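The values are calculated or read from the model by the stated rules, or taken from the named source; none is laboratory data. Computed from a predicted structure; not experimentally measured. In this analysis, Cβ positions are derived from the backbone assuming ideal geometry, glycine residues included, and neighbour counts consider all displayed protein chains. Side chains included, ligands, DNA and RNA excluded: accessible areas come from the protein's heavy atoms. Shrake-Rupley method; radii C 1.70, N 1.55, O 1.52, S 1.80 Å.
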Amino acid sequence: MSPFSSDKPVGSRRDFLYSVSALALSQIVKPGVNPALSTFGIVYTSFAIRSRQSAQAQEQSEGPAIPAEKFIDLCKSFGGDGCQMDLSQLSSTDEDYLKRLRRSLEEKGMFLELSIDAQVLGDSRALGNAASIATQLGVSRLRVGINGRRYEEFFELRKWKDFATHWQGVLRQAEPILKQNRILLGVENHKEWTTDELVEMLRGIGSSHVGACVDFGNNLALLEDPLE
């Protein structure tokens, strides 16, 4: 039955999207399918995860909304083979804690990617620390969103160009640290860069350690065709 033809009261948009997210995941994860052919991960920004983050954040006054251990278990419960987690979800950066977290991932047979704040890229010490944490967790990929929503924050073309030039310089300075630590960085097309602009910026850096994290839904805001 269509959800729009039910006699029950219509739920909130959030409830509807949460149920659709769960349904989509249930259709992806099918018993008996070779995991090597159906591997997928769940990102911390997914709607279903965010809903639970918000609920838990209201119940606690400090610490991450969903600590790393709970987040990993949640992704596993959805049938995920891995996850992309924000660095801030780590309850600690102590060596013993990171070892336990890595052991938990290995026992579950899950992979992990980390997301970092863009400001970390401009701080060599912070980036080196993030790379060290990633290495201890067995993580080889970092995701970053260089946020500056194009038509909400920039009212002059010159300001946008200054923004783009600044971040290309930051990425170029961060590249040697990424290379030294054998870490790959994916820059997300987060409502700032059209595909062509992101490609041009990455080619200007010219490193196999700095690439793109492509969210095919984001650039609808820039009127790009997700298939293209």
For region 82-122, enumerate the residues that are under 20 Å from Val187 (Cβ atoms), touching a residue at least 40 places away in the same chain (Cβ under 8 Å) and part of a helix (DSSP H, G or I). Leu87, Ala118, Leu121
Quick check on region 64-102: of everything there that is open to solvent by 30 Å² or more (accessible area, probe 1.4 Å) and in contact with a Gly (Cβ under 8 Å, 6 or more places away or on another chain), which residue is nearest to Leu137 (Cα to Cα)? Arg102
I'd like the full set of residues that are closer than 23 Å to Ile177 by Cα and either open to solvent by less than 30 Å² (accessible area, probe 1.4 Å) or over 18 Å from the mean Cα position of the chain (by Cα) (or both), limited to region 103-119. Leu112, Leu114, Ser115, Ile116, Ala118
Give region 183-201 a look and list any residue that's surrounded by fewer than 18 Cβ atoms within 10 Å (Cβ to Cβ), in contact (Cβ under 8 Å) with a residue 12 or more places away in the chain and over 19 Å from the mean Cα position of the chain (by Cα), or say none. Glu197, Val199
